[in-house]
Every structure is written in structure tokens, then in C-alpha cells.
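Asker: Below you will find the structure I want to go over with you.
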Amino acid sequence: GAGVSQSPSNKVTEKGKDVELRCDPISGHTALYWYRQSLGQGLEFLIYFQGNSAPDKSGLPSDRFSAERTGGSVSTLTIQRTQQEDSAVYLCASSQTENYGYTFGSGTRLTVV
Amino acid sequence: AQTVTQSQPEMSVQEAETVTLSCTYDTSESDYYLFWYKQPPSRQMILVIRQEAYKQQNATENRFSVNFQKAAKSFSLKISDSQLGDAAMYFCALESNSGYALNFGKGTSLLVTP
């Protein structure tokens, strides 16, 4: 596609429910990243996928968070048993090579009530 | 550990004027990359400008330029001839040559007044 596509754009969920956030990167981009943007916390790195290599999950805040990337393309970030502190904008980005900057999607705003 | 600090939570500039956004950083690495991203209300982060630390020449992109002072670990963004469409959050970010995760500052909200 022309850009990084994320869905849904907004998601409201009840505390304790599971949610899935989807990211469709730019075709041909081998690297994919998830970031979380919270009020007062700035942007924090969550997870990184590069080709067929094992992902770097070092930024995931707890074991309730997981992500996968199927066929080197679409990625899904799953949050189990959501908590109110999970409320944030979740941004996905992709890149063709490192150190040249990413292309970001418009994010998913998650609100846990 | 790498840190990025943006000391100006908010800045204001009049249309057609020039504004400078500040960014300082800390890293123990000698080779790294610095970026400025713009985030309008649409939420999509847009790459504004990129600087390679091993290059002394300051990067420029049309009305956007940087003042990169490696010894001082300073990386400010200058916006010339400001336009209403420049209003957004601006984030400074650092990426080491040996890594791939961006470390972001907290951002500066830029208001452009007519």
C-alpha cells in the first residue's frame, strides 16, 4: 500500500477484555515497529520485527502484551485482560532499512473503561 | 542508556516568522542518527529531517534546518517562514547505529498564529 495502515482507528473496550490492533506496513518494508504513546510518557518502544528474524520484544510492558507478524507483512498487537493504564495511542511504523527513519501509521487510540 | 530532552513543552510563532525548537541528548555511542518528527492532530508521525552524527554539515529540507552541535549534544530545529500548517507536536529522536529503536523526547507543541 501507499502508507502504513492501522485498524481500528479508535477502540473503546471494557477493563478485562482482550483487544487486537492491526498494522499493515508498506509493501516491501522488512522492518516493523510498535510504539505506545501515552499522555505524559511520550513514545515508548514496544516491539521490533525484522524479516524472518526473532522479534525484539524487550519493550513489551508485561506478559499481557504480545505481537505477531504473519508472512513478513501484517502485524497484530494483542493486549489481554486490558487495564486502564493500557489506554494510549498505539503507533505502528515500518522501514526498508535502518537509520533512515520510519514511516508511521495514524495509530489506534485505545481507551479502556 | 540514551536520553533525549526537549525542554520547551510549548512554543508559539507568528506566520512567516522563524522559530527554533531545542533538543539535547545523551548517548555513549559515537555513531548515531538524529531525527525530527512532526505529529499533527491526525496522529501520523511525519519525518521532517534526519542528521547523521558523523556528518558535520547541518541537514536542511526546504524551510527546515538543524543546528547540530555534536560536542554539546544539541540538535535544534529551525523552521523558517512559518506556515499555519506547521502547527503540530514536534519530536526529537535518537537512533544508535548499532540499534533500531528510536528514543524520543517528550515533544514540543508548536502554535502558529496568523
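The values are calculated or read from the model by the stated rules, or taken from the named source; none is laboratory data. What you see is a predicted model; the values in this text were computed from it and never measured. We place every Cβ from the backbone using ideal geometry, glycine too, and count neighbours over all the protein chains shown.
Asker: Condition first: in a strand (DSSP E or B), at pLDDT 90 or above and surrounded by 13 or more Cβ atoms within 10 Å (Cβ to Cβ). Can you find one or more residues in region A:52-59 that meet it?
Answerer: yes
Asker: Can you confirm whether region B:87-102 contains a residue that is modelled with pLDDT under 95, farther than 20 Å from A:F104 by Cβ and either touching a Ser or Thr at 6+ places or on another chain (Cβ under 8 Å) or away from every other protein chain (no Cβ under 11 Å) (or both)?
Answerer: No: region B:87-102 contains no residue that is modelled with pLDDT under 95, farther than 20 Å from A:F104 by Cβ and either touching a Ser or Thr at 6+ places or on another chain (Cβ under 8 Å) or away from every other protein chain (no Cβ under 11 Å) (or both).
Asker: Could you tell me whether any residue of region A:1-20 is of a type in the set (S, T, Y), touching a strand residue (DSSP E or B) at 6+ places or on another chain (Cβ under 8 Å) and in a loop (DSSP other than H, G, I, E, B)?
Answerer: Within region A:1-20 (the criterion being of a type in the set (S, T, Y), touching a strand residue (DSSP E or B) at 6+ places or on another chain (Cβ under 8 Å) and in a loop (DSSP other than H, G, I, E, B)), the answer is yes, since at least one residue qualifies.
Asker: Given the criteria within 14 Å of chain B (Cβ to nearest Cβ) and not charged (D, E, K, R), does A:T78 qualify?
Answerer: No: the conditions fail for A:T78.
Asker: Here's a follow-up. Could you figure out which of (1) within 12 Å of chain B (Cβ to nearest Cβ); (2) buried (at least 17 other Cβ atoms within 10 Å of the Cβ); (3) modelled with pLDDT of 95 or more isn't true of A:A31?
Answerer: The one condition A:A31 does not meet is (3).
Asker: Here is a follow-up. Test A:I26 against the stated conditions and say whether it is assigned to a loop (DSSP other than H, G, I, E, B), more than 9 Å from every other protein chain (Cβ to nearest Cβ) and aliphatic (A, V, I, L, M).
Answerer: Yes.
Asker: Ok, one more. Just to be sure, is B:S30 assigned to a strand (DSSP E or B), small (G, A, S), farther than 20 Å from A:Q41 by Cα and more than 10 Å from chain A (Cβ to nearest Cβ)?
Answerer: In short, no.
Asker: Please determine whether any residue of region B:68-79 is touching a residue at least 60 places away in the same chain (Cβ under 8 Å) and either crowded, with 20+ Cβ neighbours inside 10 Å or aliphatic (A, V, I, L, M) (or both).
Answerer: So far as region B:68-79 goes, yes, one or more of its residues are touching a residue at least 60 places away in the same chain (Cβ under 8 Å) and either crowded, with 20+ Cβ neighbours inside 10 Å or aliphatic (A, V, I, L, M) (or both).
Asker: Still on this model: What residue, among those in region A:60-97 that are assigned to a loop (DSSP other than H, G, I, E, B) and among the β-branched types (V, I, T), is surrounded by the most Cβ atoms within 10 Å (Cβ to Cβ)?
Answerer: Going through the qualifying residues, I end up with A:T82.
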